[in-house]
Amino acid sequence: MAKEIKQDPKQPKLDMARIPNHIAIIMDGNGRWAQARHLPRVAGHQQGMDTVKKVTIAASDLGVKILSLYAFSTENWKRPASEVSFLMNLPIRFFNSFVPDLVKNNVKVTVMGDISRLPKKTQQAVYDAMKDTEDCNGMILNFALNYGGRDEIVRATRKLAEQVQAGDLQPKQINEKMVDSHLMSAQLAPYTDPDLLIRTSGEERLSNFMLWQVAYSEFVFMKEHWPDFNGELLKKAIVEFQQRHRRFGGLKNK
Ligand code: V07
């Protein structure tokens, strides 16, 4: 049965000339997706990882420059040990099953967060994924792993304080650009700040994700659980983004 794809004339079209450079996604709803199917929560995480793969390729094909994904927050350690242990295996499984596709698509992996507290095998998988894709110069797939936005700002503050204490910096020299360059997102320059932030599964909170960087981002909240997300829903979120006026505190459209 051939599926007919119709363009709804009332529905605005995707403007390929205005694809956001940096998209950040809070991948919420894996547990709820599983519970609704009477499956264990980890089945949702497993399915969620497959969604990461599909959405990564979709974003790369659209010409997105940076895709930042919130995979594990500093709060997630409070979950049952069995779930945490499953989550810690996902970077390993992701690495084993997907790095060749990333290289084929010229996608480079980066990570924000304190990975030194993760199990050694997980750290190794993360380092291997970064190493094997370091020469790719297409889209950057940026995982937030054991990441917290306040923690990131605290660490940047500490580094600046150390420079002041060493006598290399005057407090009055500290400015936004300097704070920016000490955040974990500095490696994403010149696209450190998400243009579009998407959260799935109906919750409308930031949950400590990229607090500094989302100062001017458009937020799009979608009801679908992350395992049900896909390239079409990504396009829908981008169309919504393109419908909005971006003001940056006064000036319309930049
Ligand atoms: C995780 C799958 C996606 C839904 C949200 C939670 C579960 C990919 C990674 C990953 C991280 C670093 C890396 C390579 C892959 C991942 C965790 C959870 C902890 F270098 N998906 N995914 N890491 N989920």
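Relative contact order for the chain: what percent, with Cα pairs under 8 Å and sequence separation of 6 or more? Please list the in-between numbers first.
Numbers: 379 pairs, mean separation 69.2, N = 254.
Contact order relative to length: 27 percent.
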Margin query: Calculate log10 I(q)/I(0) of the chain for q = 0.17 Å⁻¹, where I(q) comes from the Debye formula with a single equal point scatterer on each Cα and nothing for solvent.
Written below: -1.44
Margin query: P(r) for region 126-171, please, calculated from all Cα pair distances in 5 Å bins and given in %.
Written below: 5, 17, 15, 12, 13, 15, 14, 8, 0
Margin query: Net charge around Ala59, counting only other residues with Cβ within less than 14 Å of its Cβ (Lys, Arg = +1; Asp, Glu = -1)?
Written below: +2
Check: What Kirkwood hydrodynamic radius do you get for region 76-175 when you take the inverse of the mean 1/r over all pairs of distinct Cα atoms, in Å?
Finding: 15.7 Å
Notebook entry, point to check: Hey, what's the Cα Rg ratio for region 1-140 versus the globular rule of thumb, 2.2 N^0.38 Å?
Noted result: 1.19
Next item on the list: Let me know the Rg and Dmax you get for region 177-250 when you use only its Cα atoms, in Å.
Entry: 13.7, 39
Notebook entry, point to check: Calculated from DSSP H runs of 4 or more alone, at -39500 (n - 2.57) each and per residue, what is the 222 nm mean residue ellipticity of the chain, nearest 500?
Noted result: -13000 deg cm²/dmol
Check: What is the gain in length, in nm to one decimal, between Ala81 and Glu232 on full extension, counting 0.36 nm per residue of separation less the C-alpha to C-alpha distance?
Finding: 50.9 nm
Margin query: Run the simple label-point estimate for Ala17 and Glu134 please: 7 Å along Cα→C-beta, distance reported in nm.
Written below: 4.0 nm
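Could you please tell me the mean projected area of the C-alpha convex hull for region 104-254, averaged over all directions and given in square nanometres to one decimal? Write out the running numbers ahead of the final one.
Numbers: hull surface 47.7 nm².
Dividing the Cα hull surface by four gives the mean projection, 11.9 nm².
Across region 139-216, how large is the tail of the calculated P(r) beyond 19 Å, expressed as a percent of all Cα pairs?
Details: 1277 of 3003 pairs.
Tail fraction, whole percent: 43.
Give me the percent relative contact order of region 96-218, please, defined on Cα pairs under 8 angstrom at least 6 residues apart. If you can, show how the numbers build up before the last one.
Working: 118 pairs, mean separation 31.0, N = 123.
Relative contact order of region 96-218: 25 percent.
Where a number appears in this text, it was derived from the coordinates with a stated rule and is not lab data. Keep in mind that this is a model prediction, so the values were computed, not measured. Quick reminder, even Gly has a Cβ in these numbers, built from the backbone with ideal geometry, and neighbours come from all protein chains shown.
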